[in-house]
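**Student:** This is the structure, below, for whatever I ask next.
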Amino acid sequence: MNLMLLPPGQRVLPPTGRVLKRGERLLEPDVYVIDVDGRPAVVKDYGRYRWTPLSPLARLLVRREARVLRLLRGWRHAPALLGTIGGLALGIEFIPGVAPGEATIEAGAAVFQQLRGAVAALHDAGITHNDLHPANVLISGGTPVLIDFASAVRTPRWLRWLPPVRELRRSDLANVLKMRQRITGQPPSRQEAAAMAPPGWVEAIRTGWKRVYRRFKGRSG
Ligand SMILES: Nc1ncnc2c1ncn2[C@@H]1O[C@H](COP(=O)(O)OP(=O)(O)O)[C@@H](O)[C@H]1O
Ligand SMILES: [Mg+2]
């Protein structure tokens, strides 16, 4: 595909490219739409890290996201990977969709049911998304599509029972329920709330961390 023919590492933003997001925070890519053979494609471009000490990390993010998208090829709840460009950018199928908040409330309930199913299927494939929020989900023709697999983790089958991995799955599903509540107003049922409550050890780490942080701030402030 044409994206592969671009000179390695070149910033491919064409004058007509519609910018979807400017990378402003650390290790955030520029995200824009380009035209490939008359069809729109999304480019996630970490080119601004070229020749910087963070370049290996940016390349790692590109490789990791590409690997997950490759594994999910053909799945209707993820965009197709078109290719990587010079190690610092990804070309991804453009999903013509709206953010979950923009879908109507009626569509919302059904869409969230599908979204839960999609996240469960992702987990069955051994992948956790780890960054589920409204900006990383698009609703396209009534189907939720997950985007932004930069934080996703793939776990080998024999490690999936480990508590930290279970915690990642729980946290993904809790984020779906949080989104559903925020957008449709539907609170989690008692059963869902019980299943989504963080286990004791997560709470203990959270409380411990807050205590250390407060002490540190108290000393330095
Ligand atoms: N495949 C896509 N199709 C349509 N829009 C997309 C696609 N990928 C990303 N976007 C848009 O660009 C934004 C940023 O992309 P994202 O992959 O989430 O980057 P980041 O890792 O910086 O959050 C998304 O919130 C979404 O609005
Ligand atoms: Mg994102």
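**Student:** Below 8 Å, C-alpha to C-alpha, sequence gap of six or more: please give me the relative contact order for the stretch 100-201 in percent.
**Tutor:** Reported relative contact order: 32 percent.
**Student:** Something else: In deg cm²/dmol, rounded to 500, what helix-only [θ] at 222 nm does the chain give when every DSSP H run of at least 4 residues adds -39500 (n - 2.57) and the total is split over its residues? Could you put the intermediate results ahead of the total?
**Tutor:** On the way: 5 runs with 87 residues, N = 221.
So the helix-based figure for the chain works out to -13500 deg cm²/dmol.
**Student:** Kindly put TRP161, TRP75 in sequence by how many other C-beta atoms sit within 10 Å of each C-beta, fewest to most.
**Tutor:** Lowest to highest Cβ neighbour count: TRP161, TRP75.
**Student:** Taking the 0 to 90 degree range and rounding to the nearest ten, how far is the long axis of helix 105-124 tilted relative to the main principal axis of the chain, both from C-alpha atoms?
**Tutor:** The two axes meet at around 90 degrees.
**Student:** Something else about it: Counting other beta carbons within 10 Å of each Cβ, put ASP35, ASP172 in order, fewest first.
**Tutor:** Exposure proxy ranking, most exposed first: ASP35, ASP172.
**Student:** Does anyone have the angle between helix 55-71 and the longest principal axis of the chain? Alpha-carbon axes, 0 to 90°, nearest 10?
**Tutor:** 80
**Student:** Sorted by average packing, counted as other Cβ atoms within 10 angstrom per residue and highest first, what order do 110-120, 46-56, 182-192 take? Let's see the in-between values first.
**Tutor:** Values: 110-120: 17.5, 46-56: 15.1, 182-192: 13.4.
Per-residue Cβ counts within 10 Å, averaged per peptide and sorted highest first, yield 110-120, 46-56, 182-192.
**Student:** How would LEU162, LEU168, LEU146 line up from fewest to most surrounding beta-carbon atoms within 10 angstrom?
**Tutor:** With the sparsest Cβ surroundings first, the list reads LEU162, LEU168, LEU146.
**Student:** Tilt of helix 200-220 relative to the longest C-alpha principal axis of the chain, in degrees (0 to 90, nearest 10)?
**Tutor:** 80
Bear in mind these aren't lab numbers, they're just calculated from the coordinates by the rules spelled out. These numbers come from a predicted model, not from an experiment. Neighbour counts run over all protein chains shown; Cβ positions are idealised from the backbone, glycine included.
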